[in-house]
């Protein structure tokens, strides 16, 4: 049940878990800038009618690959390359258009060129999203407020080579007692094992902590799977989708300070 009003007799927690991308750090904004820069740098108008077409092909395919990666259906290397290769193969101006991955077994020179471009796009994307990293409004205030009251643990999905750079760049790394990164644990949220690892590091039980996050699928459902209370930072004012709820529901990071 969502608690929309809070009082002084609310449950007391011993520690706080918190997501990183799009809860503390503005990954969506950084990714948007990175894709724009890459579109111009690599003349991607040769493959797409517009930046919007490129993004519209990239975004859903990337989400699909991350879902498969979380289920161990694809590897990290495949995800990194295919999220750019697939849009290149299916852009409205791509020539010749290749609709099948049978070329993996009999690659043409054109296909090989696209693979090389996808590899370069992948490298640049990781670099540029880190370069364009910034904190979301209210993030620093919230983290420093919480760090004075609780041991904080980052529980996040993402690649090791970029996440730690963003932690350092944020200036907040000293606020966190622990960092639990999916790639190091060997599973991704919403798998309860990543939350269980965070509990182990803190020496606590599920009822002792609360998870703060922006994503229903990863953060909130993941915490529910692990028996942990949740604070869902849901900026949308649209009605809650059927079956989705959280222990606490807020629309901004500043509201979290009314709970903890």
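Within the option set 233, 180, 210, being closer than 25 Å to residue 126 by Cα, at pLDDT 95 or above and crowded, with 21+ Cβ neighbours inside 10 Å holds for one residue only, 180. In the set (1) in contact with a strand residue (DSSP E or B) (Cβ under 7 Å, 6 or more places away or on another chain); (2) surrounded by fewer than 17 Cβ atoms within 10 Å (Cβ to Cβ), the condition left unmet by residue 133 is number (2).
Evaluate the following for residue 171: is it in contact with a helix residue (DSSP H, G or I) (Cβ under 9 Å, 6 or more places away or on another chain) and on the phi > 0 side of the Ramachandran plot? So residue 171 fits the description; yes. Residue 204 meets all of the listed conditions (1) touching a strand residue (DSSP E or B) at 6+ places or on another chain (Cβ under 8 Å); (2) surrounded by fewer than 20 Cβ atoms within 10 Å (Cβ to Cβ); (3) under 20 Å from residue 27 (Cα atoms) but one, namely (3). Restricting 143, 180, 162 to residues that are in contact with a helix residue (DSSP H, G or I) (Cβ under 9 Å, 6 or more places away or on another chain) and within 16 Å of residue 13 (Cβ to Cβ) narrows the list to 143.
Step by step: first the residues of the stretch 16-57, then only those that are outside any helix (DSSP H, G or I) and free of Cβ contacts under 8 Å to residues at least 60 places away in the same chain, then the one that is nearest to residue 89 (Cα to Cα). Which residue is that? For the stretch 16-57, the residue satisfying everything is 47. The set of residues in the stretch 234-250 being under 20 Å from the mean Cα position of the chain (by Cα) and outside any loop (DSSP other than H, G, I, E, B) consists of 249, 250. Criterion first (farther than 18 Å from residue 25 by Cα and at pLDDT 95 or above) does residue 141 satisfy it? Here the answer is no, as residue 141 does not meet what is asked.
Scan the stretch 155-174 residue by residue and report those that are over 15 Å from residue 76 (Cβ atoms) and crowded, with 18+ Cβ neighbours inside 10 Å. Matches in the stretch 155-174: 155, 156, 166, 167, 170, 172. Kindly list, by first and then second residue, each pair from a residue in the stretch 71-85 that is free of Cβ contacts under 8 Å to residues at least 12 places away in the same chain to a residue that is not in a helix (DSSP H, G or I), limited to pairs with Cβ atoms under 9 Å and residues at least 6 apart or on different chains. Note: pairs meeting the criteria are 71/188; 72/187. Exactly one residue out of 259, 220 is surrounded by fewer than 20 Cβ atoms within 10 Å (Cβ to Cβ) and closer than 23 Å to residue 140 by Cα, and it is 259.
The values are calculated or read from the model by the stated rules, or taken from the named source; none is laboratory data. Every value quoted in this text rests on a predicted model; they were computed, and no experiment measured them. We place every Cβ from the backbone using ideal geometry, glycine too, and count neighbours over all the protein chains shown.
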